[in-house]
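Quick notes on the structure that follows.
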Amino acid sequence: MSFQDLSIQKSSNTFSSRQWWGLLLVGITVGWGMLFLFLPFGGAGKLAKEQKVNFSFLPNDHDYVLAFFGEPGCSLSCPVILSQLKDVYLRYQNMEANQRLQVVFLSMKPDVDSTLPELYAQNFHPDFKGYPLTPAERNEAVRSLGAHAVPSFGKSDALSHTNYVYLLENRNQSWFLTQIYLTVDSQKILQDLVSSHQES
């Protein structure tokens, strides 16, 4: 086989590889497009849901829960989001005093001291609750809510985690996940809480 024949064969193999990657990219793009077509988005930055859930941290004596999964002691996204949830909590209590809202902070960090999540959450408001999650509860959070956490790159004692906030509603002692806020906007959350109360 001549050098020219080898060059032609190599060129042909390279072209075939490019075709394969091109088809793969198109397939991924179409797949994501179909996924977003069928997902019930409720507006920019949130995902509308209607999913029955059962977690030990859900209180039967409240009407709504705003849940956030994070890490006790976090100094990056957690304080920002918990401060926004404090704003929602205070404003909602002033507007709907007869509707009980609970803000819950859930630790995704394994083997955390059981008192730390609540101590951390109550830095933002004394009414906030905080709970450590068992391995089974963390797995269920990943499976049913899409919450996850992994060790931070270069920081073995820190976590990188999703920053979603979950709105759950108590309907006759059964809890339903109704909204996932992919980006946290306190005004949108407050509007959803008020709308949900008016519709119930």
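Nothing in this text is a laboratory measurement; each read-out follows from the coordinates by a stated rule. Just so it is clear, the structure is predicted and the values come from calculations on it, not from any experiment. No Cβ is skipped: glycine too gets one built from the backbone with ideal geometry, and neighbour counts run over all protein chains shown.
In this model, which of LYS86/LYS129; LYS52/LYS86; LYS49/LYS109; LYS46/LYS129; LYS109/LYS129; LYS49/LYS86 are farther than 21 Å apart at the alpha-carbon?
With Cα atoms farther than 21 Å apart: LYS52/LYS86; LYS49/LYS109; LYS46/LYS129; LYS49/LYS86.
Distances over 26 Å make up what percent of all Cα-Cα pairs in segment 46-199?
Roughly 19 percent, once rounded to a whole number.
If Lys and Arg each add +1 and Asp and Glu each add -1, what is the summed charge of the other residues whose beta carbon sits under 13 Å from the beta carbon of ILE81?
-2
Could I have the simple spin-label model distance between GLU50 and GLN93, label points 7 Å from Cα toward Cβ, reported in nm to one decimal?
Once both label points are built, they end up 3.3 nm from each other.
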